[in-house]
Amino acid sequence: MSKIDRLCDQLGIKIVPYRKRRRPRQTHARQVMRRIVVKHGDGHLLFVLKAILWSRNNTAELWSETILAVSDIVLDFPEWADARAGDFMAAFDTIELAQIRREAMTGRRFSKRSRIYILLVMALRDALTPEQQGSLL
């Protein structure tokens, strides 16, 4: 069992082959998660995956682009991983990642990852109070 498999197992996530249809708490994103761990460590990946899985509505949103966009947000706003981690996780309970991903599918000017990032930052801005937003103001 690889390191990524063990990390995913801790969160109840199963990595399935690309040819198999994904279900909630399943992903095809092994290589993306491996790159995140190499660049940013286990703790960062676990925080990102927990944020996505926080809401039952988002358990099927373990897409590569979504994982990368959430990782980018955590890196851009590191204070959320510290003092505001609970607020950040709770904000995901009010956000439908599937809707954000559908909206990000339109257009070709920017990558899907970038479009998800932008839409997610806007959704987080609406979900967090000004005190919780910190550097988003």
In region 1-21, what residues are in a loop (DSSP other than H, G, I, E, B) and surrounded by fewer than 17 Cβ atoms within 10 Å (Cβ to Cβ)? MET1, SER2, GLY12, VAL16, PRO17, TYR18, ARG19, LYS20, ARG21
Matching residues in region 110-120 - criterion: being open to solvent by less than 50 Å² (accessible area, probe 1.4 Å) and hydrophobic (A, V, I, L, M, F, W, C): ILE116, LEU119, LEU120
Conditions (1) open to solvent by 30 Å² or more (accessible area, probe 1.4 Å); (2) over 26 Å from LEU128 (Cβ atoms); (3) out of contact with any strand residue (DSSP E or B) (no Cβ under 9 Å at 6 or more places or on another chain): number failed by ARG30: (3)
Please count how many residues of region 53-69 are at pLDDT below 90 and part of a helix (DSSP H, G or I). 2
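Can you pull out the residues in region 84-109 that are more than 17 Å from ARG125 (Cβ to Cβ) and surrounded by 19 or more Cβ atoms within 10 Å (Cβ to Cβ)?
Start the filter on region 84-109 by keeping residues that are more than 17 Å from ARG125 (Cβ to Cβ), which leaves 85-86, 98, 101-102, 105-109.
ARG101 - this is the single residue of region 84-109 that is more than 17 Å from ARG125 (Cβ to Cβ) and surrounded by 19 or more Cβ atoms within 10 Å (Cβ to Cβ).
Inspect region 70-81 for any residue being under 22 Å from LYS14 (Cβ atoms), open to solvent by 10 Å² or more (accessible area, probe 1.4 Å) and at pLDDT 95 or above and give the result as yes or no.
Checked against the condition, which is being under 22 Å from LYS14 (Cβ atoms), open to solvent by 10 Å² or more (accessible area, probe 1.4 Å) and at pLDDT 95 or above, region 70-81 yields no hits at all.
The values are calculated or read from the model by the stated rules, or taken from the named source; none is laboratory data. Predicted model, so just to flag it, every value in this text is computed and none were measured. Because the Cβ atoms are built from the backbone with ideal geometry, glycine has one as well, and the counts that use them run over all protein chains shown. In case anyone asks, the SASA skips ligands and DNA or RNA and just uses the protein heavy atoms, side chains included. Shrake-Rupley method; radii C 1.70, N 1.55, O 1.52, S 1.80 Å.
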